[in-house]
Amino acid sequence: MAGPLKDIRIIEFAGIGPGPYCGMMLADHGAEVIRIDRPGGFMDPRDPLSRNRTSIALDMKNPDAAAIARDLCKSADGIIEGYRPGVMERLGLGPDVLLADNPRLVYGRMTGWGQYGPYSQAAGHDINYIALSGVLHTVGRAGEKPVPPVNYVGDFGGGGMMLAFGMASALLHAAKTGEGQVIDCAMTDGSALLAGMSWGFYAMGRLRDEPGVNMLDTGAHFYDTYACADGKFISIGSIEPQFYALLREKTGLDADPAFDAQMDPSQWGPLKDKLTALFATKTRDEWCALMEMTDVCFAPVLSLAEAPQHPHNVARETFLSVGGATQPAPAPRYSATKADTPRPAPAVGADGDAVLAALGYDAERIAALRSGGAVR
(Lines give C-alpha, C1' and ligand atoms only; values in the text may rest on other atoms or scores of the structure.)
Protein backbone atom coordinates (compact mmCIF):
# COMPACT_ATOMS: atom_id res chain seq x y z
CA MET A 1 0.00 0.00 0.00
CA ALA A 2 1.12 3.55 -0.72
CA GLY A 3 1.07 6.22 1.96
CA PRO A 4 3.22 7.77 4.69
CA LEU A 5 3.35 4.46 6.62
CA LYS A 6 4.64 2.44 3.65
CA ASP A 7 7.12 -0.28 4.71
CA ILE A 8 5.72 -0.38 8.26
CA ARG A 9 4.47 -3.84 9.25
CA ILE A 10 1.70 -4.15 11.84
CA ILE A 11 0.35 -7.41 13.28
CA GLU A 12 -3.30 -7.08 14.24
CA PHE A 13 -4.87 -9.59 16.60
CA ALA A 14 -8.43 -9.69 15.31
CA GLY A 15 -11.24 -8.19 17.33
CA ILE A 16 -14.34 -6.12 16.72
CA GLY A 17 -15.02 -2.41 16.42
CA PRO A 18 -12.22 -0.16 17.65
CA GLY A 19 -9.37 -2.65 17.08
CA PRO A 20 -10.18 -3.13 13.40
CA TYR A 21 -10.74 0.63 13.12
CA CYS A 22 -7.18 1.24 14.29
CA GLY A 23 -5.95 -1.39 11.83
CA MET A 24 -7.91 0.33 9.05
CA MET A 25 -6.37 3.70 9.92
CA LEU A 26 -2.83 2.29 9.79
CA ALA A 27 -3.49 0.29 6.62
CA ASP A 28 -5.24 3.20 4.89
CA HIS A 29 -2.07 5.24 5.36
CA GLY A 30 0.24 2.66 3.88
CA ALA A 31 1.13 0.16 6.59
CA GLU A 32 1.15 -3.54 5.82
CA VAL A 33 -1.37 -4.89 8.32
CA ILE A 34 -1.35 -8.67 8.78
CA ARG A 35 -4.43 -9.71 10.65
CA ILE A 36 -4.39 -12.85 12.79
CA ASP A 37 -7.93 -14.13 12.54
CA ARG A 38 -9.74 -16.87 14.37
CA PRO A 39 -10.46 -20.01 12.33
CA GLY A 40 -13.99 -19.97 11.03
CA GLY A 41 -14.19 -16.18 11.26
CA PHE A 42 -15.65 -13.93 8.60
CA MET A 43 -14.72 -10.59 7.10
CA ASP A 44 -17.32 -8.88 4.97
CA PRO A 45 -15.85 -7.21 1.85
CA ARG A 46 -18.33 -4.36 2.40
CA ASP A 47 -16.91 -3.54 5.83
CA PRO A 48 -14.53 -0.55 5.78
CA LEU A 49 -13.02 -1.50 9.14
CA SER A 50 -11.56 -4.70 7.61
CA ARG A 51 -10.22 -3.30 4.34
CA ASN A 52 -6.59 -3.28 3.19
CA ARG A 53 -5.66 -6.38 5.19
CA THR A 54 -3.65 -9.55 4.78
CA SER A 55 -5.25 -12.42 6.72
CA ILE A 56 -3.89 -15.56 8.33
CA ALA A 57 -6.17 -17.79 10.44
CA LEU A 58 -4.48 -19.24 13.52
CA ASP A 59 -5.98 -21.39 16.28
CA MET A 60 -4.32 -19.61 19.19
CA LYS A 61 -5.11 -22.52 21.54
CA ASN A 62 -2.59 -24.52 19.52
CA PRO A 63 1.02 -23.98 20.71
CA ASP A 64 2.24 -24.11 17.10
CA ALA A 65 -0.13 -21.26 16.21
CA ALA A 66 1.15 -19.17 19.11
CA ALA A 67 4.70 -19.80 17.89
CA ILE A 68 3.73 -18.56 14.41
CA ALA A 69 2.21 -15.43 15.94
CA ARG A 70 5.41 -14.88 17.88
CA ASP A 71 7.48 -15.23 14.70
CA LEU A 72 5.22 -12.71 12.98
CA CYS A 73 5.75 -10.24 15.81
CA LYS A 74 9.52 -10.67 15.52
CA SER A 75 9.22 -9.44 11.93
CA ALA A 76 6.93 -6.50 12.75
CA ASP A 77 7.28 -2.83 13.63
CA GLY A 78 4.17 -2.91 15.79
CA ILE A 79 1.24 -4.97 16.99
CA ILE A 80 -2.28 -4.02 18.05
CA GLU A 81 -4.51 -6.05 20.34
CA GLY A 82 -7.76 -5.38 22.16
CA TYR A 83 -8.14 -8.28 24.58
CA ARG A 84 -8.83 -7.97 28.29
CA PRO A 85 -5.69 -7.41 30.37
CA GLY A 86 -3.78 -10.67 30.83
CA VAL A 87 -5.06 -12.54 27.77
CA MET A 88 -1.96 -11.98 25.65
CA GLU A 89 0.24 -12.96 28.60
CA ARG A 90 -1.65 -16.24 28.94
CA LEU A 91 -1.02 -16.91 25.25
CA GLY A 92 2.70 -16.43 25.82
CA LEU A 93 2.61 -13.23 23.74
CA GLY A 94 2.79 -10.55 26.41
CA PRO A 95 4.95 -7.44 26.11
CA ASP A 96 7.87 -8.89 28.09
CA VAL A 97 8.16 -11.81 25.66
CA LEU A 98 7.65 -9.91 22.42
CA LEU A 99 9.83 -6.93 23.33
CA ALA A 100 12.61 -9.34 24.36
CA ASP A 101 12.32 -10.89 20.88
CA ASN A 102 12.08 -7.51 19.13
CA PRO A 103 13.24 -4.50 21.20
CA ARG A 104 12.00 -2.03 18.54
CA LEU A 105 8.45 -3.36 18.70
CA VAL A 106 5.59 -0.95 19.40
CA TYR A 107 3.07 -2.97 21.40
CA GLY A 108 -0.35 -1.31 21.15
CA ARG A 109 -2.96 -2.38 23.69
CA MET A 110 -6.52 -1.04 23.61
CA THR A 111 -9.25 -1.68 26.16
CA GLY A 112 -12.25 0.19 27.46
CA TRP A 113 -11.00 0.70 30.99
CA GLY A 114 -7.23 0.41 30.55
CA GLN A 115 -4.66 -2.16 31.66
CA TYR A 116 -5.09 -1.35 35.36
CA GLY A 117 -7.60 0.27 37.70
CA PRO A 118 -10.64 -1.06 39.59
CA TYR A 119 -12.70 -1.56 36.40
CA SER A 120 -9.90 -3.07 34.30
CA GLN A 121 -11.19 -6.66 34.35
CA ALA A 122 -14.88 -5.78 33.90
CA ALA A 123 -16.80 -6.04 30.65
CA GLY A 124 -18.09 -2.84 29.12
CA HIS A 125 -19.08 -0.99 25.98
CA ASP A 126 -18.73 2.52 24.58
CA ILE A 127 -21.74 3.80 26.52
CA ASN A 128 -20.11 2.74 29.80
CA TYR A 129 -16.68 4.16 29.04
CA ILE A 130 -17.98 7.59 28.09
CA ALA A 131 -20.32 7.55 31.09
CA LEU A 132 -17.39 7.10 33.46
CA SER A 133 -15.27 9.78 31.76
CA GLY A 134 -18.01 12.41 32.14
CA VAL A 135 -18.63 12.73 28.41
CA LEU A 136 -22.05 11.07 28.22
CA HIS A 137 -23.37 13.50 30.83
CA THR A 138 -22.71 16.38 28.42
CA VAL A 139 -24.69 14.95 25.49
CA GLY A 140 -28.43 15.55 25.56
CA ARG A 141 -31.13 18.16 25.69
CA ALA A 142 -32.09 20.10 28.79
CA GLY A 143 -34.28 18.14 31.18
CA GLU A 144 -33.86 14.91 29.25
CA LYS A 145 -31.70 11.84 29.81
CA PRO A 146 -28.21 11.60 28.24
CA VAL A 147 -28.15 10.47 24.61
CA PRO A 148 -25.42 7.99 23.53
CA PRO A 149 -23.70 9.44 20.42
CA VAL A 150 -23.80 6.01 18.75
CA ASN A 151 -20.35 4.55 19.64
CA TYR A 152 -18.27 7.23 17.96
CA VAL A 153 -16.73 8.87 21.03
CA GLY A 154 -15.47 5.92 23.07
CA ASP A 155 -14.85 3.10 20.61
CA PHE A 156 -13.62 5.06 17.63
CA GLY A 157 -12.52 8.56 18.66
CA GLY A 158 -11.22 7.74 22.14
CA GLY A 159 -10.15 4.21 21.24
CA GLY A 160 -9.32 3.24 17.67
CA MET A 161 -8.16 6.63 16.42
CA MET A 162 -6.35 7.40 19.68
CA LEU A 163 -4.43 4.12 19.40
CA ALA A 164 -3.59 4.84 15.75
CA PHE A 165 -2.15 8.19 16.84
CA GLY A 166 -0.25 6.49 19.65
CA MET A 167 1.13 3.88 17.28
CA ALA A 168 2.32 6.50 14.79
CA SER A 169 3.96 8.49 17.60
CA ALA A 170 5.70 5.47 19.11
CA LEU A 171 6.80 4.25 15.67
CA LEU A 172 8.50 7.62 15.12
CA HIS A 173 10.24 7.24 18.49
CA ALA A 174 11.36 3.70 17.61
CA ALA A 175 12.69 4.85 14.25
CA LYS A 176 14.80 7.54 15.96
CA THR A 177 16.00 5.57 18.99
CA GLY A 178 15.52 1.86 18.29
CA GLU A 179 13.41 1.69 21.46
CA GLY A 180 10.04 -0.04 21.40
CA GLN A 181 7.40 0.36 24.08
CA VAL A 182 3.92 -0.57 25.26
CA ILE A 183 0.91 1.69 24.60
CA ASP A 184 -1.94 1.47 27.12
CA CYS A 185 -4.89 2.99 25.23
CA ALA A 186 -8.03 3.19 27.37
CA MET A 187 -11.29 4.46 25.92
CA THR A 188 -12.11 6.14 29.23
CA ASP A 189 -8.88 8.16 28.94
CA GLY A 190 -9.34 8.86 25.24
CA SER A 191 -12.95 9.98 25.54
CA ALA A 192 -12.02 12.27 28.43
CA LEU A 193 -9.34 13.83 26.24
CA LEU A 194 -11.79 14.37 23.37
CA ALA A 195 -13.80 16.52 25.79
CA GLY A 196 -10.77 18.72 26.53
CA MET A 197 -12.48 21.93 25.43
CA SER A 198 -15.46 21.25 27.69
CA TRP A 199 -13.14 20.64 30.64
CA GLY A 200 -11.40 23.94 29.86
CA PHE A 201 -14.65 25.87 29.62
CA TYR A 202 -15.88 24.26 32.84
CA ALA A 203 -12.69 25.28 34.68
CA MET A 204 -13.08 28.86 33.42
CA GLY A 205 -16.72 29.07 34.50
CA ARG A 206 -17.92 29.25 30.91
CA LEU A 207 -19.81 25.94 30.91
CA ARG A 208 -22.57 24.80 33.25
CA ASP A 209 -22.26 21.20 34.41
CA GLU A 210 -25.57 20.13 32.91
CA PRO A 211 -26.52 19.17 29.35
CA GLY A 212 -28.60 21.17 26.93
CA VAL A 213 -28.05 24.60 28.47
CA ASN A 214 -24.71 25.58 26.96
CA MET A 215 -23.74 27.13 23.64
CA LEU A 216 -22.66 23.96 21.86
CA ASP A 217 -24.99 21.35 23.37
CA THR A 218 -28.31 22.64 21.90
CA GLY A 219 -28.84 25.25 24.61
CA ALA A 220 -28.33 28.17 22.22
CA HIS A 221 -30.80 29.02 19.48
CA PHE A 222 -27.98 29.73 17.01
CA TYR A 223 -26.34 26.30 17.38
CA ASP A 224 -28.87 23.55 16.85
CA THR A 225 -30.80 21.49 14.34
CA TYR A 226 -34.27 22.44 13.15
CA ALA A 227 -37.11 20.57 11.46
CA CYS A 228 -38.32 21.82 8.09
CA ALA A 229 -41.73 21.70 6.45
CA ASP A 230 -40.94 18.36 4.78
CA GLY A 231 -39.80 16.66 8.01
CA LYS A 232 -36.12 16.91 7.09
CA PHE A 233 -33.58 18.84 9.14
CA ILE A 234 -31.02 21.61 8.82
CA SER A 235 -28.10 22.57 11.07
CA ILE A 236 -27.23 26.09 12.17
CA GLY A 237 -23.93 27.10 13.80
CA SER A 238 -23.97 30.90 13.61
CA ILE A 239 -21.76 31.67 16.61
CA GLU A 240 -19.64 34.64 15.51
CA PRO A 241 -21.41 38.04 15.32
CA GLN A 242 -20.95 38.41 11.55
CA PHE A 243 -22.32 34.92 10.91
CA TYR A 244 -25.23 35.53 13.27
CA ALA A 245 -25.99 38.80 11.50
CA LEU A 246 -26.10 36.96 8.17
CA LEU A 247 -28.43 34.32 9.66
CA ARG A 248 -30.78 37.11 10.68
CA GLU A 249 -30.56 38.68 7.25
CA LYS A 250 -31.22 35.43 5.36
CA THR A 251 -34.15 34.53 7.57
CA GLY A 252 -35.65 38.02 7.66
CA LEU A 253 -35.09 38.30 11.41
CA ASP A 254 -32.74 41.27 11.23
CA ALA A 255 -35.64 43.58 12.02
CA ASP A 256 -36.64 41.67 15.16
CA PRO A 257 -34.90 43.34 18.14
CA ALA A 258 -35.38 40.23 20.28
CA PHE A 259 -32.55 38.58 18.34
CA ASP A 260 -30.13 41.31 19.47
CA ALA A 261 -29.72 39.30 22.68
CA GLN A 262 -27.66 36.60 21.01
CA MET A 263 -25.44 35.79 24.01
CA ASP A 264 -28.04 36.14 26.75
CA PRO A 265 -28.82 32.57 27.85
CA SER A 266 -32.04 33.72 29.48
CA GLN A 267 -33.37 34.53 26.00
CA TRP A 268 -32.22 31.38 24.21
CA GLY A 269 -35.45 29.47 24.86
CA PRO A 270 -37.84 32.08 23.43
CA LEU A 271 -35.54 32.77 20.47
CA LYS A 272 -35.31 29.05 19.73
CA ASP A 273 -39.09 28.85 19.72
CA LYS A 274 -39.19 31.60 17.09
CA LEU A 275 -36.58 29.87 14.92
CA THR A 276 -38.37 26.53 15.28
CA ALA A 277 -41.59 28.08 13.97
CA LEU A 278 -39.78 29.89 11.16
CA PHE A 279 -37.78 26.92 9.86
CA ALA A 280 -40.94 24.81 9.79
CA THR A 281 -42.38 27.10 7.10
CA LYS A 282 -40.03 25.96 4.31
CA THR A 283 -38.64 22.66 3.08
CA ARG A 284 -35.02 21.70 3.59
CA ASP A 285 -34.29 22.36 -0.08
CA GLU A 286 -35.79 25.82 0.16
CA TRP A 287 -33.57 26.66 3.14
CA CYS A 288 -30.58 25.25 1.27
CA ALA A 289 -31.32 27.56 -1.63
CA LEU A 290 -31.20 30.52 0.77
CA MET A 291 -28.27 29.60 3.00
CA GLU A 292 -26.16 26.74 1.66
CA MET A 293 -22.51 27.66 0.96
CA THR A 294 -22.85 31.02 2.73
CA ASP A 295 -21.23 32.28 5.93
CA VAL A 296 -24.35 31.53 7.94
CA CYS A 297 -22.58 28.30 9.01
CA PHE A 298 -25.31 26.12 7.61
CA ALA A 299 -25.65 22.60 6.23
CA PRO A 300 -28.50 20.23 5.58
CA VAL A 301 -28.65 17.22 7.88
CA LEU A 302 -28.07 14.39 5.43
CA SER A 303 -28.88 10.73 5.91
CA LEU A 304 -26.36 7.95 5.25
CA ALA A 305 -28.08 7.39 1.91
CA GLU A 306 -27.93 11.09 1.01
CA ALA A 307 -24.43 12.08 2.12
CA PRO A 308 -22.45 10.32 -0.65
CA GLN A 309 -24.57 12.08 -3.28
CA HIS A 310 -24.02 15.64 -2.05
CA PRO A 311 -22.00 17.73 -4.55
CA HIS A 312 -19.36 18.71 -1.97
CA ASN A 313 -18.73 15.09 -0.97
CA VAL A 314 -18.72 14.06 -4.63
CA ALA A 315 -16.16 16.75 -5.49
CA ARG A 316 -13.85 15.67 -2.67
CA GLU A 317 -14.45 11.94 -3.19
CA THR A 318 -15.29 11.69 0.49
CA PHE A 319 -16.95 8.36 -0.24
CA LEU A 320 -15.71 5.54 -2.46
CA SER A 321 -17.08 2.25 -3.72
CA VAL A 322 -15.09 -0.63 -2.21
CA GLY A 323 -16.13 -4.26 -2.43
CA GLY A 324 -19.46 -3.27 -3.91
CA ALA A 325 -20.32 -0.94 -1.02
CA THR A 326 -20.08 2.77 -0.32
CA GLN A 327 -17.34 3.47 2.23
CA PRO A 328 -15.72 6.59 3.66
CA ALA A 329 -12.46 7.34 1.86
CA PRO A 330 -9.15 7.35 3.75
CA ALA A 331 -8.54 10.61 5.57
CA PRO A 332 -6.72 12.92 5.89
CA ARG A 333 -5.20 13.54 2.46
CA TYR A 334 -1.47 13.89 1.74
CA SER A 335 0.21 15.86 -1.05
CA ALA A 336 3.34 13.69 -1.37
CA THR A 337 2.37 10.24 -0.04
CA LYS A 338 -1.08 9.69 -1.49
CA ALA A 339 -2.91 6.58 -0.35
CA ASP A 340 -4.06 3.87 -2.71
CA THR A 341 -7.72 3.12 -3.31
CA PRO A 342 -8.69 0.72 -0.50
CA ARG A 343 -8.86 -3.01 -1.15
CA PRO A 344 -11.89 -4.89 0.18
CA ALA A 345 -11.43 -7.22 3.12
CA PRO A 346 -10.07 -10.65 2.15
CA ALA A 347 -11.56 -13.97 3.17
CA VAL A 348 -10.35 -15.04 6.60
CA GLY A 349 -7.08 -16.97 6.21
CA ALA A 350 -6.79 -16.20 2.51
CA ASP A 351 -3.13 -15.19 2.79
CA GLY A 352 -1.92 -17.78 5.29
CA ASP A 353 0.46 -19.68 3.03
CA ALA A 354 1.97 -16.48 1.61
CA VAL A 355 2.49 -15.04 5.10
CA LEU A 356 4.20 -18.21 6.30
CA ALA A 357 6.37 -18.42 3.18
CA ALA A 358 7.48 -14.81 3.75
CA LEU A 359 8.60 -15.86 7.24
CA GLY A 360 10.80 -18.53 5.69
CA TYR A 361 8.56 -21.55 6.33
CA ASP A 362 8.97 -24.11 3.56
CA ALA A 363 6.11 -25.96 1.90
CA GLU A 364 6.62 -29.10 3.97
CA ARG A 365 6.44 -27.20 7.25
CA ILE A 366 3.40 -25.23 6.13
CA ALA A 367 1.63 -28.48 5.23
CA ALA A 368 2.50 -29.94 8.64
CA LEU A 369 1.15 -26.88 10.44
CA ARG A 370 -2.06 -27.09 8.47
CA SER A 371 -2.49 -30.78 9.14
CA GLY A 372 -1.84 -30.13 12.82
CA GLY A 373 -4.62 -27.54 12.95
CA ALA A 374 -2.43 -24.56 13.79
CA VAL A 375 -3.23 -22.81 10.52
CA ARG A 376 -6.72 -23.06 9.05
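Within the shell defined by Cβ-Cβ distances under 13 Å, the residues around ALA67 carry a net charge of 0, with Lys and Arg each +1 and Asp and Glu each -1. In this view, the solvent-accessible surface of MET60, computed with a 1.4 Å probe and all protein chains in place, comes to about 40 Å². Stretching LEU302 away from GLU364 to a fully extended chain increases their span by 16.8 nm, per 0.36 nm per residue minus the current alpha-carbon distance. Counted by Cβ distance under 11 Å from GLY154, the other residues give a net charge of -3, where Lys and Arg count +1 and Asp and Glu count -1. Evaluate E = 1/(1 + (r/R0)^6) for ALA229 and LYS338, where r is the Cβ-Cβ distance and R0 equals 41 Å; express this FRET efficiency to the nearest 0.05. After rounding to 0.05, the efficiency reads 0.40.
Note on the chain: GNM, Cα springs under 10 Å; of ASN62, ASN128, ASN214, the largest mean-square fluctuation is that of ASN62. Solvent-accessible surface of protein heavy atoms, probed at 1.4 angstrom with all chains present, puts ASP64, ASP37, ASP71 in the order ASP64, ASP71, ASP37, largest first.
Between the beta carbons of THR276 and ILE16, assuming R0 = 56 Å, the FRET efficiency works out to 0.90 to the nearest 0.05. Think of the chain as having a plus end and a minus end, set by charges on the Cβ of Lys, Arg, Asp and Glu; of LEU93, ASN52, PHE243, LEU93 sits farthest toward the positive end of this dipole.
DSSP loop trypsin sites (Lys or Arg not before Pro) in the range 194-240 with at most 13 other Cβ atoms within 10 Å of their Cβ, which ones? Those satisfying the criteria are ARG206. Residues considered: MET167, MET204, MET25. Largest GNM mean-square fluctuation over the chain, using C-alpha springs under 10 Å, is found at MET204. Take LYS6, project a point 7 Å from its Cα along the Cβ direction, then tell me which residues of the range 309-353 have their backbone nitrogen under 14 Å from it. Inside the label zone: 334-341. How many angstrom lie between the C-alpha centres of the range 302-330 and the range 1-47? Comparing the Cα centres of the range 302-330 and the range 1-47, I get a distance of 21 Å. For ASP362, the solvent-accessible surface computed with a 1.4 Å probe is close to 90 Å², ligands and nucleic acids excluded. Treating r as the C-beta distance of ARG90 and HIS125 and R0 as 22 Å, the FRET efficiency rounds to 0.40. Surface calculation, 1.4 Å probe, protein heavy atoms: SER371 sits at approximately 100 Å² accessible. Computed on protein heavy atoms with a 1.4 Å probe, the accessible areas place CYS297, CYS228 in the order CYS297, CYS228, largest first. Computed about its Cα centre, the charge dipole of the chain is approximately 560 debye, with only Lys, Arg, Asp and Glu carrying charge at their Cβ. Ordered from longest to shortest, the equivalent ellipsoid semi-axes for the range 216-272 are 18, 14, 11 Å, each the square root of 5 times a Cα gyration tensor eigenvalue. The dipole here belongs to the range 86-165: it is taken about the Cα centre, uses +1 on the Cβ of Lys and Arg and -1 on the Cβ of Asp and Glu, and is about 140 debye.
Along the axis of the charge dipole computed for the range 59-196 (Cβ charges of +1 for Lys and Arg, -1 for Asp and Glu, origin at the Cα centre), the listed residues VAL139, LEU72, GLY190 are led at the positive end by VAL139.
Local charge for THR283 was computed over the other residues whose Cβ lies under 15 Å away, with Lys and Arg +1 and Asp and Glu -1, and equals -2. Near VAL106, the amide H atoms lying under 5 Å from its own belong to GLY78, ILE79, GLN181; only residues 5 or more places off or on other chains count, and H is placed 1.01 Å from N. Taking a span of 18 Å or more along the helix axis (Cα atoms) and a mean Kyte-Doolittle hydropathy of at least 1.0 as the rule, the DSSP H helices of the chain that qualify are 161-177. Accessible area per residue (1.4 Å probe, heavy atoms of protein chains only) ranks LYS250, LYS145, LYS272 as LYS145, LYS250, LYS272, with the largest value leading. Here are some values of Rg/Rh (Cα atoms, Kirkwood Rh): (1) 1.06; (2) 0.94; (3) 1.00. Which one was computed from this structure? Checking each listed value against the structure points to (1).
Here the Karplus relation 6.51 cos²θ - 1.76 cosθ + 1.60, evaluated at θ = phi - 60°, turns the backbone of the range 302-316 into coupling constants of 9, 7, 4, 6, 7, 4, x, 8, 5, x, 5, 5, 5, 4, 8 Hz, with x for every Gly and Pro.
Taking every DSSP bridge with both residues inside the chain, close to 35 percent are antiparallel. For the chain, lysine pairs with C-alpha atoms less than 28 angstrom apart, excluding pairs fewer than eight positions apart on the same chain, total 18.
The values are calculated or read from the model by the stated rules, or taken from the named source; none is laboratory data. A quick note: this is a predicted structure, and the numbers were derived from the prediction, not measured. Heads up, the Cβs are rebuilt from the backbone with ideal geometry, glycines too, and the neighbour counts pull from every protein chain shown. Note: accessible area is taken over every heavy atom of the protein model, side chains too, but ligands, DNA and RNA are not part of it. Shrake-Rupley method; radii C 1.70, N 1.55, O 1.52, S 1.80 Å.
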